[in-house]
Amino acid sequence: MLTPFSIVLVLLAALLHASWNALLRGGADRTQSMLIMNITVGVIGIAMMAFAGLPSWSSAPYVLASGLIHLIYNALLVRMYRSGDLGETYPIARGSSPALIALGGSLFAGEWMNLIGTVGIGLVCAGIFMLAAARARSAKAESGFASDRAITKAGRLHAMNLPAALATGVSIAAYTVVDGIGVRASGNWIAYTGGMFAFFLAVPLWYLARRRRGIFAIPLAEGGKAASGGLISLVAYGAIIWAMQANAMGAVSALRETSVVFAALLGAAFLNERLTGLRIVACCVIAAGAACVGWRF
(Lines give C-alpha, C1' and ligand atoms only; values in the text may rest on other atoms or scores of the structure.)
Protein backbone atom coordinates (compact mmCIF):
# COMPACT_ATOMS: atom_id res chain seq x y z
CA MET A 1 0.00 0.00 0.00
CA LEU A 2 1.00 3.63 -0.42
CA THR A 3 2.94 5.17 2.45
CA PRO A 4 1.69 8.48 3.93
CA PHE A 5 4.66 10.31 2.38
CA SER A 6 3.92 8.81 -1.04
CA ILE A 7 0.26 9.84 -0.76
CA VAL A 8 1.18 13.45 0.06
CA LEU A 9 3.78 13.54 -2.73
CA VAL A 10 1.41 12.16 -5.38
CA LEU A 11 -1.37 14.56 -4.34
CA LEU A 12 1.10 17.43 -4.61
CA ALA A 13 2.04 16.15 -8.06
CA ALA A 14 -1.66 16.14 -8.97
CA LEU A 15 -1.93 19.81 -7.96
CA LEU A 16 1.15 20.65 -10.02
CA HIS A 17 -0.27 18.68 -12.96
CA ALA A 18 -3.47 20.73 -12.88
CA SER A 19 -1.39 23.91 -12.69
CA TRP A 20 0.75 23.23 -15.75
CA ASN A 21 -2.33 22.23 -17.76
CA ALA A 22 -3.90 25.55 -16.78
CA LEU A 23 -0.77 27.34 -18.03
CA LEU A 24 -0.93 25.45 -21.34
CA ARG A 25 -4.64 26.21 -21.76
CA GLY A 26 -3.96 29.89 -21.16
CA GLY A 27 -1.21 30.15 -23.77
CA ALA A 28 -1.82 32.39 -26.77
CA ASP A 29 -0.48 29.70 -29.13
CA ARG A 30 -0.64 26.22 -27.60
CA THR A 31 1.71 24.69 -30.15
CA GLN A 32 4.36 27.27 -29.28
CA SER A 33 3.67 26.85 -25.57
CA MET A 34 4.12 23.09 -25.82
CA LEU A 35 7.32 23.62 -27.81
CA ILE A 36 8.84 25.81 -25.09
CA MET A 37 7.71 23.30 -22.45
CA ASN A 38 9.44 20.51 -24.39
CA ILE A 39 12.68 22.50 -24.64
CA THR A 40 12.60 23.26 -20.91
CA VAL A 41 11.93 19.64 -19.96
CA GLY A 42 14.53 18.30 -22.41
CA VAL A 43 17.31 20.61 -21.22
CA ILE A 44 16.62 19.79 -17.56
CA GLY A 45 16.55 16.09 -18.48
CA ILE A 46 20.08 16.37 -19.86
CA ALA A 47 21.15 18.21 -16.70
CA MET A 48 19.70 15.39 -14.59
CA MET A 49 21.76 12.82 -16.50
CA ALA A 50 24.87 15.00 -16.12
CA PHE A 51 24.26 14.86 -12.37
CA ALA A 52 23.16 11.23 -11.95
CA GLY A 53 24.70 9.50 -14.95
CA LEU A 54 23.13 7.71 -17.90
CA PRO A 55 20.24 5.27 -17.42
CA SER A 56 21.32 1.66 -17.00
CA TRP A 57 21.35 -0.64 -20.03
CA SER A 58 18.56 -2.71 -18.47
CA SER A 59 16.26 0.32 -18.43
CA ALA A 60 17.31 1.74 -21.83
CA PRO A 61 14.46 0.04 -23.79
CA TYR A 62 11.94 1.51 -21.33
CA VAL A 63 13.49 4.98 -21.61
CA LEU A 64 13.23 4.78 -25.40
CA ALA A 65 9.64 3.48 -25.34
CA SER A 66 8.52 6.04 -22.77
CA GLY A 67 10.13 8.93 -24.67
CA LEU A 68 8.38 7.93 -27.90
CA ILE A 69 5.00 7.43 -26.21
CA HIS A 70 5.31 10.82 -24.51
CA LEU A 71 5.87 12.47 -27.89
CA ILE A 72 2.68 10.84 -29.17
CA TYR A 73 0.86 11.92 -26.02
CA ASN A 74 2.01 15.54 -26.43
CA ALA A 75 0.80 15.58 -30.03
CA LEU A 76 -2.60 14.24 -28.94
CA LEU A 77 -2.72 16.77 -26.11
CA VAL A 78 -2.14 19.75 -28.42
CA ARG A 79 -4.77 18.41 -30.81
CA MET A 80 -7.29 18.09 -28.01
CA TYR A 81 -6.57 21.57 -26.69
CA ARG A 82 -7.44 22.92 -30.12
CA SER A 83 -10.84 21.21 -29.97
CA GLY A 84 -13.92 23.01 -28.76
CA ASP A 85 -14.91 19.81 -26.92
CA LEU A 86 -11.76 19.67 -24.80
CA GLY A 87 -13.68 20.16 -21.56
CA GLU A 88 -15.54 16.92 -22.21
CA THR A 89 -12.91 14.81 -23.98
CA TYR A 90 -9.85 15.40 -21.79
CA PRO A 91 -11.58 14.26 -18.58
CA ILE A 92 -12.51 11.10 -20.45
CA ALA A 93 -8.83 10.57 -21.27
CA ARG A 94 -7.85 11.10 -17.64
CA GLY A 95 -10.76 8.97 -16.41
CA SER A 96 -9.95 5.97 -18.57
CA SER A 97 -6.25 5.81 -17.71
CA PRO A 98 -6.30 4.63 -14.03
CA ALA A 99 -8.23 1.47 -14.86
CA LEU A 100 -5.98 0.76 -17.85
CA ILE A 101 -2.87 1.32 -15.72
CA ALA A 102 -4.18 -0.97 -12.97
CA LEU A 103 -4.81 -3.63 -15.63
CA GLY A 104 -1.34 -3.13 -17.12
CA GLY A 105 0.28 -3.28 -13.69
CA SER A 106 -1.54 -6.53 -12.95
CA LEU A 107 -0.63 -8.15 -16.27
CA PHE A 108 2.99 -6.99 -16.60
CA ALA A 109 4.15 -6.42 -13.02
CA GLY A 110 1.96 -8.74 -10.96
CA GLU A 111 0.38 -5.83 -9.07
CA TRP A 112 -3.02 -7.30 -8.23
CA MET A 113 -5.14 -4.77 -6.33
CA ASN A 114 -7.08 -5.70 -3.22
CA LEU A 115 -10.84 -5.13 -3.08
CA ILE A 116 -10.70 -1.68 -1.48
CA GLY A 117 -8.06 -0.51 -3.94
CA THR A 118 -10.08 -1.79 -6.89
CA VAL A 119 -13.20 -0.01 -5.62
CA GLY A 120 -11.14 3.15 -5.17
CA ILE A 121 -9.86 3.11 -8.75
CA GLY A 122 -13.42 2.52 -9.96
CA LEU A 123 -14.68 5.51 -7.94
CA VAL A 124 -11.93 7.78 -9.30
CA CYS A 125 -12.77 6.79 -12.89
CA ALA A 126 -16.52 7.21 -12.29
CA GLY A 127 -16.01 10.61 -10.68
CA ILE A 128 -13.89 11.88 -13.56
CA PHE A 129 -16.53 10.75 -16.05
CA MET A 130 -19.12 12.57 -13.92
CA LEU A 131 -17.04 15.74 -14.22
CA ALA A 132 -17.05 15.33 -18.00
CA ALA A 133 -20.83 14.88 -17.97
CA ALA A 134 -21.26 17.93 -15.75
CA ARG A 135 -19.17 20.03 -18.14
CA ALA A 136 -21.20 18.74 -21.10
CA ARG A 137 -24.50 19.51 -19.34
CA SER A 138 -23.31 23.01 -18.47
CA ALA A 139 -22.22 23.65 -22.06
CA LYS A 140 -25.59 22.44 -23.36
CA ALA A 141 -27.46 24.71 -20.95
CA GLU A 142 -25.37 27.70 -22.02
CA SER A 143 -26.14 26.96 -25.68
CA GLY A 144 -29.85 26.40 -25.11
CA PHE A 145 -30.61 29.17 -27.57
CA ALA A 146 -28.90 27.26 -30.38
CA SER A 147 -30.88 25.57 -33.09
CA ASP A 148 -31.61 21.84 -33.00
CA ARG A 149 -29.39 21.46 -36.05
CA ALA A 150 -26.46 23.13 -34.24
CA ILE A 151 -26.93 20.94 -31.15
CA THR A 152 -27.07 17.81 -33.33
CA LYS A 153 -23.88 18.91 -35.07
CA ALA A 154 -22.18 19.45 -31.70
CA GLY A 155 -23.21 15.94 -30.67
CA ARG A 156 -21.64 14.49 -33.80
CA LEU A 157 -18.44 16.44 -33.13
CA HIS A 158 -18.38 15.03 -29.60
CA ALA A 159 -18.69 11.51 -31.00
CA MET A 160 -15.91 12.22 -33.49
CA ASN A 161 -13.60 13.48 -30.72
CA LEU A 162 -14.23 10.48 -28.46
CA PRO A 163 -11.63 8.24 -30.22
CA ALA A 164 -8.98 10.95 -29.71
CA ALA A 165 -9.87 11.14 -26.02
CA LEU A 166 -9.62 7.40 -25.60
CA ALA A 167 -6.35 7.34 -27.59
CA THR A 168 -4.95 9.92 -25.18
CA GLY A 169 -6.06 7.77 -22.24
CA VAL A 170 -4.33 4.76 -23.76
CA SER A 171 -1.13 6.76 -24.26
CA ILE A 172 -1.23 7.94 -20.62
CA ALA A 173 -1.65 4.35 -19.46
CA ALA A 174 1.09 3.11 -21.78
CA TYR A 175 3.81 5.54 -20.68
CA THR A 176 2.85 5.14 -17.01
CA VAL A 177 3.16 1.35 -17.10
CA VAL A 178 6.41 1.55 -19.09
CA ASP A 179 7.86 4.05 -16.61
CA GLY A 180 6.67 2.06 -13.62
CA ILE A 181 8.53 -1.03 -14.83
CA GLY A 182 11.47 0.92 -16.25
CA VAL A 183 12.31 2.89 -13.12
CA ARG A 184 12.43 -0.33 -11.10
CA ALA A 185 14.81 -1.86 -13.64
CA SER A 186 17.04 1.22 -13.62
CA GLY A 187 17.87 1.41 -9.92
CA ASN A 188 18.35 5.18 -10.34
CA TRP A 189 15.15 7.15 -10.77
CA ILE A 190 16.95 10.44 -11.46
CA ALA A 191 18.98 9.01 -14.35
CA TYR A 192 15.91 7.22 -15.72
CA THR A 193 13.73 10.34 -15.50
CA GLY A 194 16.44 12.49 -17.08
CA GLY A 195 16.87 10.08 -19.97
CA MET A 196 13.15 9.96 -20.65
CA PHE A 197 12.77 13.75 -20.47
CA ALA A 198 15.75 14.28 -22.81
CA PHE A 199 13.59 12.80 -25.60
CA PHE A 200 11.43 15.91 -25.47
CA LEU A 201 14.19 17.76 -27.37
CA ALA A 202 13.17 15.74 -30.43
CA VAL A 203 10.28 18.19 -30.94
CA PRO A 204 12.35 21.39 -31.37
CA LEU A 205 14.93 19.45 -33.42
CA TRP A 206 12.12 18.30 -35.72
CA TYR A 207 10.97 21.90 -36.25
CA LEU A 208 14.56 22.99 -36.97
CA ALA A 209 15.01 20.15 -39.46
CA ARG A 210 11.90 21.34 -41.28
CA ARG A 211 13.25 24.93 -41.27
CA ARG A 212 10.28 26.18 -39.25
CA ARG A 213 12.31 28.61 -37.19
CA GLY A 214 9.45 31.10 -37.04
CA ILE A 215 7.64 28.93 -34.51
CA PHE A 216 10.38 29.75 -31.99
CA ALA A 217 9.48 33.46 -32.17
CA ILE A 218 7.34 33.61 -29.06
CA PRO A 219 6.84 36.75 -26.90
CA LEU A 220 9.05 36.82 -23.82
CA ALA A 221 6.10 36.80 -21.40
CA GLU A 222 4.47 33.82 -23.13
CA GLY A 223 7.80 32.01 -23.31
CA GLY A 224 8.38 32.53 -19.59
CA LYS A 225 4.93 31.22 -18.77
CA ALA A 226 5.43 28.16 -20.97
CA ALA A 227 8.88 27.48 -19.50
CA SER A 228 7.35 27.66 -16.02
CA GLY A 229 4.73 25.15 -17.13
CA GLY A 230 7.48 22.84 -18.40
CA LEU A 231 9.34 23.02 -15.10
CA ILE A 232 6.15 22.32 -13.15
CA SER A 233 5.29 19.35 -15.39
CA LEU A 234 8.78 17.92 -14.90
CA VAL A 235 8.56 18.16 -11.11
CA ALA A 236 5.04 16.70 -11.14
CA TYR A 237 5.85 13.65 -13.25
CA GLY A 238 9.26 13.17 -11.66
CA ALA A 239 7.46 12.77 -8.33
CA ILE A 240 5.17 10.17 -9.92
CA ILE A 241 8.14 8.19 -11.26
CA TRP A 242 9.75 8.25 -7.82
CA ALA A 243 6.51 7.03 -6.23
CA MET A 244 6.19 4.14 -8.70
CA GLN A 245 9.52 2.68 -7.60
CA ALA A 246 7.91 1.01 -4.58
CA ASN A 247 4.16 1.53 -5.00
CA ALA A 248 1.52 -0.03 -7.23
CA MET A 249 1.17 1.82 -10.53
CA GLY A 250 -2.64 1.68 -10.46
CA ALA A 251 -2.81 3.25 -7.01
CA VAL A 252 -0.34 6.01 -7.90
CA SER A 253 -2.22 6.75 -11.13
CA ALA A 254 -5.60 6.94 -9.41
CA LEU A 255 -4.26 9.45 -6.88
CA ARG A 256 -2.57 11.43 -9.65
CA GLU A 257 -5.85 11.80 -11.53
CA THR A 258 -7.29 13.73 -8.59
CA SER A 259 -5.67 16.56 -10.55
CA VAL A 260 -9.07 17.02 -12.23
CA VAL A 261 -10.47 18.01 -8.83
CA PHE A 262 -7.71 20.57 -8.38
CA ALA A 263 -8.38 21.80 -11.92
CA ALA A 264 -12.07 22.30 -11.11
CA LEU A 265 -11.19 24.19 -7.93
CA LEU A 266 -8.58 26.33 -9.68
CA GLY A 267 -11.08 27.10 -12.43
CA ALA A 268 -13.65 28.22 -9.89
CA ALA A 269 -11.12 30.32 -7.97
CA PHE A 270 -9.27 31.99 -10.84
CA LEU A 271 -11.21 31.46 -14.09
CA ASN A 272 -14.75 32.23 -12.90
CA GLU A 273 -15.94 28.71 -13.70
CA ARG A 274 -19.11 27.69 -11.88
CA LEU A 275 -19.03 24.69 -9.53
CA THR A 276 -22.39 23.05 -10.17
CA GLY A 277 -23.96 20.53 -7.84
CA LEU A 278 -23.03 17.63 -10.13
CA ARG A 279 -19.41 18.78 -10.28
CA ILE A 280 -19.23 19.00 -6.50
CA VAL A 281 -20.67 15.48 -6.18
CA ALA A 282 -18.16 14.25 -8.78
CA CYS A 283 -15.29 15.79 -6.80
CA CYS A 284 -16.54 14.05 -3.65
CA VAL A 285 -16.70 10.71 -5.49
CA ILE A 286 -13.11 11.17 -6.69
CA ALA A 287 -11.99 12.10 -3.17
CA ALA A 288 -13.69 8.96 -1.79
CA GLY A 289 -11.95 6.86 -4.42
CA ALA A 290 -8.60 8.42 -3.57
CA ALA A 291 -9.20 7.64 0.11
CA CYS A 292 -9.87 3.99 -0.77
CA VAL A 293 -6.71 3.80 -2.88
CA GLY A 294 -4.65 5.23 -0.05
CA TRP A 295 -6.22 2.99 2.61
CA ARG A 296 -3.67 1.06 4.65
CA PHE A 297 -4.38 -2.01 6.75
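Which length gain, in nm to one decimal place, applies between Leu107 and Tyr207 when the Cα-Cα distance is subtracted from 0.36 nm times their residue separation?
32.2 nm
Calculate, for Ser228 and Ala52, the FRET efficiency according to 1/(1 + (r/R0)^6) with r their C-beta to C-beta distance and R0 41 Å; round to the nearest 0.05.
Here the calculated transfer efficiency is 0.95.
Classify the stretch 202-297 as rounded, prolate or oblate, taking a ≥ b ≥ c as the square roots of the eigenvalues of its Cα gyration tensor: rounded when a/c is under 1.5, otherwise prolate if a/b is larger than b/c and oblate if not.
Verdict is oblate for the stretch 202-297.
I need the peptides 2-12, 33-43 ranked by packing, meaning the mean over residues of other C-beta atoms within 10 angstrom, with the highest value on top.
Sorting 2-12, 33-43 by mean packing, highest first, produces 33-43, 2-12.
Leaving out ligands and nucleic acids, and using a 1.4 Å probe, what accessible area per residue does the stretch 190-233 come to in Å²?
Per-residue value: 51 Å².
For Leu220 paired with Val8, estimate the spin-label separation in nm (one decimal), with each label point 7 Å from Cα along the Cα-to-Cβ line.
Here the answer is 3.9 nm between the modelled labels.
The values are calculated or read from the model by the stated rules, or taken from the named source; none is laboratory data. What you see is a predicted model, and the numbers here were worked out from it, not measured in a lab. Every residue, glycine as well, gets a Cβ built from its backbone with ideal geometry; the counts of neighbours run over all protein chains shown. Protein only, heavy atoms only, side chains kept; ligands, DNA and RNA dropped before computing areas. Shrake-Rupley method; radii C 1.70, N 1.55, O 1.52, S 1.80 Å.
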